[in-house]
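So the structure is just underneath, and the comments pick up after that.
Just so it is clear, none of the values below were taken in a lab; they were calculated from the coordinates. Since this is a predicted model, take the numbers as computed values, not measurements. Every residue, glycine among them, receives a Cβ derived from its backbone with ideal geometry; neighbour counts consider all protein chains shown.
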Amino acid sequence: MKASGEASRHRRPSVYFILLLSYISVLLLTLSSSIIYYLQIDKQISARTEISRQLLLTQLQTSVEGDLAGAKKLVQEVAFDKNIHQYAKGRPGFTSKELQSMLASRLYQKDIVYDYFVYIRETDQIITPTIKISSRQFYDIMYTFENMSYEEFRSLYLDGVYFQEFMPLQELTLYNNESFLALPLLQTFPVGTTSDPLGQIICLINAKKLFENVNLIHQSTGSDVYVLGEDKTIIISSDNAPVLDVSAVESISSGKAEDNAIISKKTAETLGWNFIVRTPTALTLVENKHFLRNSLTIFAVYLVAGLILVHFLARKNYSPISEIHNLIRSNPVEDMPAAKSANEFETIKGTLIHQFQRDKKLSSIINSQLPYVQRAMLDRMLKGLTTDYAQTIERFQDMGIHFPNSFFLVISLEIAENSPFLQSGNVSEEDLFLARMVVSNVGNELFESHFVSCYIDYEQQHCVFLLCPRQTSQTAEPTAMELACRLRDFLLQHFQIESSVGISALRDSPEGIPLCFDEACKASRYGRLAQSEAPVFFSDLLNLETNYYYPAEMEYQLISSLKAGHFDQAKALIEKILELNTQGKSLSPHALRGLLFEVDSTLSKQLDSIQIAKGEAPMARREYSENHEPVSLEAAKIRYLEMIDQISIQKMEEPALSKPEKLASSIASYIEEKAGDQWIDLNTLSEAFHVTPQYISNIFKKYQNQNIKDYISKTKLEYAKELILTTNMSVNEIAQHLGYAGEIGVIRLFKKYEGMTPGDFRNKAGLP
């Protein structure tokens with residue numbers, strides 16, 4: 001304890017000293033700032049004066065540009081008038097009188113716009129709101145442009161191409177010998193033309209009216225105001241303004257004092273004009289004294305406040321630092337290394353860094369476990385094992401999944417075993433994992449625009465989506481149906497994943513989620529059994545047939561055909577039975593299981609009787625319960641045809657048993673012949689040799705001593721190797737040549753049997 005006290009006494013002065021130095025620095029900075037402030041008073045006063053003058057100039061500029069904007073709007077409206085275009089083209093329907101009337105009606109800014117007129121190039125006529133006259137007569141009689149000949153007037157004003165362009169100020173003499181200063185504004189029409197325009201719109205702006213604010217500024221402020229044109233000549237100035245050296249305009253610096261006056265300048269970029277205000281320095285002296293007095297008062301207050309802050313901050317601010325440091329020492333952080341520094345700040349900093357690192361590590365661990373936690377929670381909700389649904393929903397929100405309302409539905413998707421993506425039934429864990437990942441990514445992307453979606457791999461080939469509508473619940477079911485259709489079609493078209501999809505009814509509370517899950521699973525199972533090409537709503541199952549058709553006489557016909565050896569007739573009866581029960585109606589899952597059980601029992605009894613007569617054990621009976629059902633009606637049909645083939649084989653005499661062996665050899669030869677240029681699987685072999693796929697698989701395994709799917713794959717692999725070694729074909733081209741839908745089939749083939757990709761095989765062979 002004594003050592004701890006000594007260490008504490010050793011640390012405290014260090015922090016306290018730092019605080020004291022910082023507050024003294026603040027005080028010194030305050031004094032220095034004050035000195036600098038006094039030194040900058042003059043600059044600040046000048047800046048304020050300059051801001052005031054700039055505001056005056058901006059006001060003047062805004063007034064001028066606002067008036068000019070009205071003039072621009074006038075010429076623009078006239079330039080876009082279709083009637084003027086028709087008149088200029090010499091087309092009937094719009095007379096000069098009507099044109100004059102239109103021009104007069106648009107002259108709504110008479111105080112600024114002195115006059116305006118339209119020049120028609122085709123007829124060399126000028127039309128004003130009051131008269132139609134030739135361009136020559138217009139120049140000679142109505143307006144004479146000082147120091148400008150008619151030819152110059154015509155070349156500059158009538159023959160050019162302009163877009164809202166201001167001409168230099170022009171002194172004009174009217175027909176009554178009066179004169180006024182005008183600012184001409186020119187606009188060619190049609191707007192945007194670059195050659196052979198129809199004419200010109202010329203607007204004469206009253207310059208005196210435009211600049212009337214010049215004297216108003218002079219009267220209100222006592223400053224002299226000047227407006228200079230693009231050629232730096234004085235357009236106008238305030239009354240009694242002294243002579244300004246316009247030759248030095250470019251060198252004038254805004255805010256610079258010259259000849260007991262302060263000059264301010266502002267340039268209008270759109271016009272190229274210069275607006276200048278000249279303020280005598282005497283006008284600023286009164287304001288300067290007032291400003292200086294206020295500044296000294298502020299300085300005194302600021303200095304006193306600084307002294308008070310130094311006094312209290314130096315004494316008080318160390319107290320919380322000491323409390324935090326003592327709290328850390330009395331509650332040490334686990335696994336934290338001992339601090340090497342005797343400074344309180346270093347101890348606090350080290351503790352915070354260590355704690356942040358621990359929190360980051362813990363957060364990383366928690367985030368890595370979130371998917372498993374979410375899956376477990378979702379699994380319990382679907383199975384109805386959750387006791388408190390409200391709490392579960394809150395836990396989902398804590399993990400970043402926010403359900404916008406209490407409406408839910410479930411979509412169940414079962415991946416078909418015979419999907420080409422799963423290599424024609426040769427299913428591996430890797431293929432199933434990839435298929436589920438594709439379903440998850442594509443499904444969530446489709447659903448997220450309208451639903452909050454939660455995905456779970458329920459079984460190896462069973463994928464489940466829990467959906468909560470983002471907006472209205474009225475459209476949730478049809479929207480889910482549309483998106484489920486898109487999902488099934490996308491998986492089939494782009495990934496060759498066949499599937500059956502079931503959709504539950506919409507429930508209005510989380511407690512209904514288990515029921516939604518049960519409904520969706522039943523709907524997807526029915527879709528698989530019935531080979532539905534579209535998603536199935538559970539509500540559709542309520543209207544299904546509950547009775548199947550399998551009369552005793554039809555069963556007797558089937559048994560008689562089998563006993564008589566009429567196996568083709570027996571196969572036809574099987575197809576007829578299934579057709580009668582599916583054509584024009586839909587059986588319920590319960591009725592469908594009953595039918596399949598009856599047909600299977602009939603065939604099994606005949607096969608069992610043959611095997612018992614030969615002294616062999618009967619075959620295992622297939623159960624059609626909730627947990628044991630065929631993949632589809634097509635699968636059941638294939639099984640029945642295979643059973644008939646088995647019965648026919650059992651009925652064959654012993655010398656005929658060599659036929660299956662011969663058939664197996666023929667199948668092997670067929671595979672070697674066709675595998676190099678087309679797709680070969682059990683279905684294509686069944687069509688070629690007129691026997692069921694299962695029968696082909698069994699006899700090939702028995703007489704060729706290998707799996708037929710492996711034999712097909714290895715045969716295609718040899719063809720692929722030959723093409724790689726002897727041609728320059730790409731992997732995709734080789735895949736198409738062998739009958740694969742894409743290069744992924746060839747890549748999987750090489751990785752399965754060679755342990756490398758086709759590219760690696762090519763490189764190993766030393767080929768480019």
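For this structure, a couple of remarks:
- Modelled FRET efficiency - R0 22 Å, Asp196 with Glu152, Cβ distances, 0.05 increments: 0.50
- Going by neighbour counts of Cβ atoms within 10 Å, the residues Cys521, Cys203 line up, fewest first, as Cys521, Cys203.
- The range 438-464 versus the range 717-768: alpha-carbon centroid distance in Å: 34
- Out-of-range pairs (alpha-carbon distance over 18 Å; input Lys721/Lys751; Lys714/Lys752; Lys714/Lys764; Lys674/Lys721): Lys714/Lys764
- Proxy reagent accessibility, fewest Cβ within 10 Å first, across Glu445, Glu146: Glu146, Glu445
- For the range 705-747, backbone nitrogen atoms closer than 14 Å to the point 7 Å from Asp760 Cα along Cα-to-C-beta are found at 747.
- Ordering of 638-647, 404-413 by burial proxy (mean other Cβ atoms within 10 Å per residue, highest first): 404-413, 638-647
- Placing +1 on the Cβ of every Lys and Arg and -1 on the Cβ of every Asp and Glu, with no other charges, gives the range 432-531 a dipole of roughly 160 debye about its Cα centre.
- Pairs beyond 27 Å (Cα-Cα), from Lys576/Lys701; Lys571/Lys716; Lys522/Lys571; Lys605/Lys702: Lys576/Lys701; Lys571/Lys716; Lys522/Lys571
- Magnitude of the charge dipole, the range 374-500, Cβ model with Lys/Arg +1 and Asp/Glu -1, debye to 20: 320
- Taking 0.36 nm per residue of separation and subtracting the current Cα-Cα distance, fully stretching the chain between His494 and Asn418 would add 25.8 nm.
- Cβ crowding within 10 Å ranks Arg525, Arg136 as Arg136, Arg525, fewest other Cβ atoms first.
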